[in-house]
Amino acid sequence: MAVCHLNNDNYITYMLDSTVAHSYYNKHTMQADLCDWIPALNVIDASINFFLKAYPKLLLVAPVPRKNAFNKIHPTQVATSMDDVASVPQQVIDALCTILQFSCVLLRNSINKNVYNSVEELAGLLAAADDSVASFALDCLCSLAIPPALHKQQAPEMHHHSTALHATSGNAHARLLALARGWGTRGSGLGLLHCVTTDDSEYGQGSLPTEAGQVHFEVFTKDQELKSVKLTADDVLLSQNEDRMDDGTENSKQKRRKTDSTAALGSRGNKTRSTAQLYFECVQQAGGRNAIPENRQFLLLADVRLAKAFYSWETRVSAIQN
C-alpha cells in the first residue's frame, strides 16, 4: 500500500505510531506527495492549535500569532511558575511529541511541501517548557525547509522549492536565528568539533571554557533601565540536596517528571535544573516578565537552553544537531 494513497482511517493510525511511518520511509524510496496528505495535515494543525489554546501553560513565551488570528494567546496566559508548568498533563506532552515526530518524518520524505501551513504553530512550540517538544518542533521546521531529496523522486518538482516557512513573519525567522547561535568560536576553544568530541570526564569537559555554560544577558527594560542577568554553573546544576528532595506526594512526582525529562548529567555527575526553572530565575533577575520587551523574551530563553545543554556530551551533540 503506497503511503500517498492511505485512506482517512489510516491517517490517525499512522499519526499515533510514528515508528511505523519511520520504518516505512526507510524501506521505500518513493516520496509521498504532501497534497495527498492534506486531510491528515488539517487534523494535525487542528490538534496542535487545540493543545495551544487549551493548555497555554505549555509555553514559557507567547507564541508567534498567525496573521489575522482571532484566538491569539495573550502573554499573560503562558506559564509564569513551576506550578503552571506542572499543571500541563503528561499525556498532552506525549501526544504533542508523537504528532511532531510523525510530522517530521512525513515532511522529510515528501514533495510539494508548500501546502504545509502550520509554521506559526511550530514556531510557537519552540518556546515550550518541555525541551523535547521544542526540539521536535525545530526538527519539523528543519525538515520543512530542506528541499525534497532528488534521488527519491520519480519526477522532480516543477516549481522552485518554497514553503510557508520562507514567507512567514519575521518573528518566526528571528526565533530560528536565536537558536542558530553556538557557545563560541574555535579560537576561544569552543569550536563545534571540539565541543562534540570532548567527553564528560574531568579532563575532558574540564578543558572547555566554563563561560559557555553560563548565562550572561543584558536587556533594556520597558522603563529604559539596563538589567543584567547572570547564571553560573552553580545556578544551572542541581545540588545533591535538591536532587534528593522528594516529599512523596503526587504533585511533587509530577513536578519531578517535568524536571527530570529535561535534565542532563553534568561533568560533576549532577543534573541540571529544568529549562523552566532557569528561565523563571532569569526573569526574576530582570525584574519580572513585564519588564522584559516581548521581542527579547525568546532570546533569553534561547540563551538559557544553550547554556543548559553545555554540561554533557550528549546534550552538546543534540544542540549542535538541532
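Bear in mind these aren't lab numbers, they're just calculated from the coordinates by the rules spelled out. Remember, predicted model here, so these are calculated numbers, not experimental data. With ideal geometry, Cβ positions are generated from the backbone for all residues, glycine too; neighbour counts draw on all protein chains shown.
So for each of 133-142, 190-199 I average, over its residues, the number of other beta carbons within 10 Å; can you give me the resulting order with the highest mean first? Walk me through the numbers on the way to the answer.
On the way: 133-142: 22.7, 190-199: 15.0.
Put in order of decreasing packing, that is 133-142, 190-199.
Where does the charge balance sit around A178 when Lys and Arg score +1, Asp and Glu -1, over other residues with C-beta under 12 Å from its C-beta?
Working: positive: R175, R181, R296, R305; negative: D303.
Around A178, the surrounding residues sum to +3.
Amide H contacts under 5 Å for I111: A32, D33, L34, restricted to partners 5 or more places along the chain or on a different chain, H placed in the peptide plane at 1.01 Å from N.
Within the set of other residues whose C-beta is less than 14 Å from the C-beta of L141, count the net charge using Lys and Arg as +1 and Asp and Glu as -1. Every neighbour counted, the sum reads 0. In this label model, V115 and D33 are separated by 0.8 nm, measuring between points 7 Å along each Cα→Cβ vector. Given their separation in residues at 0.36 nm each and the Cα-Cα distance between them, C142 and D199 gain 17.8 nm when the chain is fully extended. Legend: distances between Cα atoms for K113/K227; K53/K308; K113/K271; K113/K230; K230/K271; pairs beyond 31 Å are K113/K227; K113/K271; K113/K230.
Applying 1/(1 + (r/R0)^6) with r as the Cβ-Cβ distance of S318 and S228 and R0 = 35 angstrom yields a FRET efficiency of 0.75. Distance between the 7 Å Cα→Cβ label points at A95 and S47: 0.9 nm. Karplus-based coupling profile of the stretch 133-143, in residue order and whole Hz: 4, 4, 5, 5, 5, 5, 4, 4, 5, 5, 5, with θ = phi - 60° in 6.51 cos²θ - 1.76 cosθ + 1.60 and x standing for Gly or Pro.
Counting 0.36 nm for each residue step from S188 to S207 and taking away their Cα separation leaves a gain of 5.7 nm.
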